[in-house]
Amino acid sequence: MVVVVVVVVVLVGVVVVVVVVVAVVVAVVVLEYSKKVVAVTIVVVVVIIIVVVVVVVVVVVVVVVVVVIVVVVVLVAAAVV
């Protein structure tokens with residue numbers, strides 16, 4: 001159970017880092033090579049996407065942790081009974 005949680009958290013962390021790096025690279029490239037209005041719009045969209053991804057990731061991790069805790073509690077209760 002603990003291994004599953006650790007693996008999920010690590011994978012989620014990797015995904016978040018990759019998304020942030022890609023977003024920063026895209027933002028820099030856009031700022032360098034396009035008009036300011038378009039650049040600002042794209043940066044705002046990228047930031048919104050990052051926020052959504054992070055929120056989804058956090059929710060998934062919380063749900064996984066809660067499910068694991070519930071399963072462990074049920075197993076312990078079953079073992080005790």
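Exactly one residue out of 14, 53, 26, 43 is free of Cβ contacts under 8 Å to residues at least 12 places away in the same chain and of a type in the set (A, V, I, L, M), and it is 14. When the residues of the range 30-81 are filtered to those that are out of contact with any Leu (no Cβ under 6 Å at 6 or more places or on another chain) and of a type in the set (Gly, Ala, Ser), the one that is modelled with the lowest pLDDT is 34. Might you check whether a residue that is within 20 Å of residue 65 (Cα to Cα), in a helix (DSSP H, G or I), out of contact with any strand residue (DSSP E or B) (no Cβ under 6 Å at 6 or more places or on another chain) and small (Gly, Ala, Ser) occurs anywhere in the range 1-20? Yes, there is a match, as at least one residue in the range 1-20 is within 20 Å of residue 65 (Cα to Cα), in a helix (DSSP H, G or I), out of contact with any strand residue (DSSP E or B) (no Cβ under 6 Å at 6 or more places or on another chain) and small (Gly, Ala, Ser).
The values are calculated or read from the model by the stated rules, or taken from the named source; none is laboratory data. Bear in mind the structure is a predicted one, so any value in this text is a computation, not a measurement. Glycine also receives a Cβ, built like all others from the backbone with ideal geometry; neighbour counts cover every protein chain displayed.
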